[in-house]
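The structure appears right after this line, and notes come after that.
The values are calculated or read from the model by the stated rules, or taken from the named source; none is laboratory data. Worth saying up front: this structure is predicted, and the values here are computed from it rather than measured. Glycine also receives a Cβ, built like all others from the backbone with ideal geometry; neighbour counts cover every protein chain displayed. Heavy atoms of the whole protein, side chains included, go into the accessibility calculation; ligands, DNA and RNA do not. Shrake-Rupley method; radii C 1.70, N 1.55, O 1.52, S 1.80 Å.
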Amino acid sequence: MPKIAVLPGDGIGQEIIPQAVKVIKAVLGAKEAEFEFKDYPVGGAAIEAVGKALPDETLKGCQEADAVLLGAVGGPKWDHLPSPERPETAALLGLRKGLSFYANIRPVRMIPSLISTSTLKEEVLDGVDMVVIRELTGGVYFGEKGRSDNPRAAYDTMSYSEEEIRRILIKGFETAQIRSKKLCSVDKANVLETSRLWREIAIELSKDYPDVELTHLLVDNAAMQLVRNPKQFDVIVTENMFGDILTDLASMLGGSIGMLSSASLNGTKGMYEPAHGSAPDIAGKNLANPLATILSAALMLRYTFAMDEEATRIETAVEKVLEQGYRTGDLARPGDKVVGTVEMTDAVLAAL
Ligand code: IPM
Ligand code: MG
């Protein structure tokens, strides 16, 4: 029986996950009975419940599942904790690393009816359709780190093995092959040794993918090009921290970070979560945009369960409600009628 581990987590995670689950069940219809959905505590919620951001039971449940649906973790209540115990590190990074979800896929597409939502000019955004592939289990997030007192200092190490670089670049090339056959590898090869190795391997691998046009861009230039002329990009592949920063930036090319879905894969097994955080400031108020999570659920059906048709139905329903004018606060322009998390989901359900 296909298993989905459901981890709402903290803040708005508690609100958006039940909504996304409703959408999955609606699209599954009679097939729902073939799936097992099981909830597990994670993040600050798990610290409160069992004293640990990633309880053993949660990790085990996720290991045994085919897919993990995650809301968000973290909040001011747990910010004072030492880094290894914090929800972000212990739970989120712990799950990514613990389950080797090394390939993070973040699609960025400008849905036509949202074009006026972004702060950028319409002619720059019209037709934006790209995917950022972010390395997720290496680099500075996971390298050796530490602190010393007197003199006060701290360090984080960025390191990458050939194997780690190779497998994510392969994901990049393979993704480019099924899209427009253009791959842009983003690095900082003018300064960083890890980036020089990255670029070397990209060039070596490109010989195996003669049908893909490989280009390289330095990360600072990539940030500038993404706002200057985003339509030049189709598939971007980059290391962990560069990908973190560039995908927040790129989310504005799709209207709002509330629209940015994310799939973290190891083969067909994956963890699906919105790219945004737990938004404690709006949590519990029915204000959060559920669409990034609903779109992440669509990615789950497509990548883990090979249910492309169902995934597309969800994506089409989301586009339809946006066309109909439904807006959560993050998407609203002056004069728009704003709906809440539940109402937005109900509209998606109706459109299905
Ligand atoms: C993301 C988030 C996380 C990251 C944080 C919450 C640790 O920003 O998924 O993009 O940096 O990877
Ligand atoms: Mg981020």
(message) If you build the convex hull over the alpha carbons only and average its shadow over all orientations, what do you get for the range 234-295? Give it in nm² to one decimal.
(response) 5.3
(message) So, R0 is 51 Å and r is the distance between the beta-carbons of ASP39 and VAL191; what FRET efficiency does that work out to, to 0.05?
(response) 0.70
(request) Could you check how much of the accessible area of the chain is carbon and sulfur, as a whole percent, using a 1.4 Å probe? (result) 52
(message) Using each residue's phi in the range 194-200, evaluate 6.51 cos²θ - 1.76 cosθ + 1.60 at θ = phi - 60° and report the 3J(HN,Hα) Karplus result to the nearest Hz, with x for Gly and Pro.
(response) 4, 5, 5, 5, 3, 5, 4
(request) Distance between Cα centroids, the range 51-130 to the range 196-249: provide it in whole Å. (result) 21
(request) Select from MET252, MET300, MET158 the residue whose mean-square fluctuation is largest in a Gaussian network model of the chain (Cα-Cα springs shorter than 10 Å). (result) MET158
(request) Keeping all protein chains in place, calculate the accessible area per residue for the range 227-328 (probe 1.4 angstrom), answer in Å². (result) 33
(message) Give me the tail of P(r) for the chain as a percent: Cα-Cα pairs with distance above 33 Å.
(response) 27
(message) Using only the alpha carbons of the range 276-352, what is the convex hull's orientation-averaged projected area in square nanometres?
(response) 5.4
(request) Would you pull out the residues with amide H under 5 Å of HIS216's amide H, same chain only if 5 or more places away, H placed 1.01 Å from N? (result) SER185
(message) Could you work out the relative contact order of the range 145-270? I mean the mean sequence separation of Cα pairs under 8 Å and 6+ apart, divided by the number of residues, in percent.
(response) 24
(request) Taking the dipole about the Cα centre of the chain, with the C-beta of Lys and Arg at +1 and of Asp and Glu at -1, give me whichever of TRP198, ILE4, VAL321 is farthest to the positive side. (result) VAL321
(message) Rounded to the nearest 5, what % of DSSP beta bridges with both residues in the chain are antiparallel?
(response) 40
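Quick check for you: with a 1.4 Å probe and neighbouring chains kept, what is the accessible area per residue of the range 1-60, in Å²?
Solvent-accessible surface per residue comes out at 42 Å².
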(request) Round to the nearest 0.05 the FRET efficiency obtained for THR268 and LYS320 when R0 = 30 Å and r is the Cβ-Cβ distance. (result) 0.60
(request) Would you mind telling me which residue in ALA30, ALA45, ALA67 has the biggest mean-square fluctuation in a Gaussian network model of the chain, where springs connect alpha carbons within a distance under 10 angstrom? (result) ALA30
(request) Using label points projected 7 Å from each Cα along Cα→Cβ, tell me how many nm separate ASP346 and THR312, to one decimal. (result) 3.1
(request) Using only the alpha-carbon atoms of the range 69-118, report the extent along each of the three principal axes, biggest first, to the nearest angstrom. (result) 43, 28, 16
(request) Take the Cα radius of gyration of the range 1-143 and divide it by 2.2 N^0.38 Å, with N its residue count; two decimals is plenty. (result) 1.21
(request) For every helix of n ≥ 4 consecutive DSSP H residues, a contribution of -39,500 (n - 2.57) applies; sum these over the chain, divide by its total residues, and give [θ] at 222 nm rounded to the nearest 500 deg cm²/dmol. (result) -11500 deg cm²/dmol
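Might you tell me the accessible area per residue for the range 82-145, computed with a 1.4 Å probe and given in Å²?
Numbers: 2460 Å² over 64 residues.
Counting only protein heavy atoms, the per-residue value for the range 82-145 is 38 Å².
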(request) Evaluate the range 149-195: find the radius of gyration of its Cα atoms, find its Kirkwood radius, and give the ratio Rg to Rh. (result) 1.21
